[in-house]
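Take a look at the structure set out below.
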Amino acid sequence: MGRASRTAIAAAVAGAVALLAGVAAAAAAAAGGGAPRPAVAAHSAVSDRSLASCEAGLVRSRAHPIVVLGASFTAGVGPGSPARSWAADLARLLHRDTVIYGVAGAGYVRPGAGRHGPVAAEAAALGLRRLAPSLVIVQAGHNDIGVPPAQEQARVERAIAQIRAAAPGAKVAVLTVFPGHAPAGAAYLTDQAIVAGARAADREVIIMDPLTAGWMYQRARDGLHPTAAGDSWLAAEVASVLRFYGVRPETARPGAVVVCARSSAAAGSRSRKTAPPPGAAPAATSPPWRSAT
């Protein structure tokens, strides 16, 4: 293949990413509505450059997007892509531009796939001050089950305080431990530590607690991660909670929603490489019940 041909192919691929790739007419009606879901312009995690371009576009437009940080639920484990995760479904439901960063296996303590976590490192990698989000949602906790509660609480408090300082104009919400395979006692200890740490850092933090609330969603074969239908259910549940706190769909806004989605679902996944913050705990051996979430 000649150089000109390779250049043309590369340009076509780059153009497909930079354009509204993934815009689809959504046939499903929104819950309680009847209007079709707004389309999403999903910029796939093809390269750091394309992601940086996507995020820079939101900065230029002063979109004040939603930012979702998390583990494998946010990385799209289950449906197979962060652009098909509950977070992308939430962007559709709220009709808001959204930046998604999911690192499978990450928590507030554990660094996860490629050591791109924990949550504090994810937040630092995105540059929240530059993005100026209106809402930051953190989904993490399951992978930290077994971490001493005092350590977990301290790390949560530190991460939420970091997010609060970098995005002072944003609402902050945490999505805690999901019901899964872990022993109930250990799961509840981690869950309670997350809630306590988040509230210590931000008295107005929005708490969404799937474990305590007993959320039931359609699961993939692993018995933990959601299917595409499960992700849709989770997005609707999260949207319902957020609505109570005044976060409502931007129904009057024209055009497609832009989703800048990156993930580290496994070693070798394309993602911006960031070192764990100073003092980050070393990777720990996962107990047999732990699944990257």
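What residues from the stretch 118-141 fall in the zone where the backbone N is under 20 Å from a label point 7 Å along the Cα-to-C-beta line of GLN151?
118-122, 140-141
Counting Lys +1, Arg +1, Asp -1, Glu -1, what net charge surrounds GLU157 among other residues with beta carbon under 10 Å of its beta carbon?
Once all neighbours under 10 Å are counted, the net charge is +1.
Using per-residue counts of other Cβ atoms within 10 Å, averaged over each peptide, order 101-110, 221-230, 134-143, 194-203 from highest down.
Averaged packing, sorted descending, gives the order 101-110, 134-143, 194-203, 221-230.
Taking H placed 1.01 Å from N in the peptide plane, check which residues at least 5 places from ALA173 or on another chain put their amide H under 5 Å from its amide H.
Correct list: VAL136, ILE137, VAL138, ILE206.
Per 0.36 nm of contour for each residue apart, how much would the distance between THR251 and ALA56 grow if the chain were fully extended, relative to their Cα-Cα spacing?
Using 0.36 nm per residue and subtracting the Cα-Cα distance, I get 67.8 nm.
Hull surface divided by four, with the convex hull built on the Cα atoms of the stretch 59-198: how many nm²?
Dividing the Cα hull surface by four gives the mean projection, 7.9 nm².
Peptides 206-218, 155-167: what's the order by average Cβ count within 10 Å, highest mean first?
By packing density, highest mean first, the sequence is 155-167, 206-218.
Solvent-accessible area per residue for the stretch 210-256 at a 1.4 Å probe radius, Å²?
Normalised by residue count, the accessible surface of the stretch 210-256 is 54 Å².
Please compute the length gained on full extension between THR212 and ALA228, using 0.36 nm multiplied by the number of residues separating them and subtracting their Cα-Cα distance.
Residue separation times 0.36 nm, minus the Cα-Cα distance, leaves 3.5 nm.
The values are calculated or read from the model by the stated rules, or taken from the named source; none is laboratory data. Note that the structure is predicted; figures quoted are calculated from it, not measured. Quick reminder, even Gly has a Cβ in these numbers, built from the backbone with ideal geometry, and neighbours come from all protein chains shown. Keep in mind that these areas ignore ligands, DNA and RNA; they rest on the heavy atoms of the full protein, side chains included. Shrake-Rupley method; radii C 1.70, N 1.55, O 1.52, S 1.80 Å.
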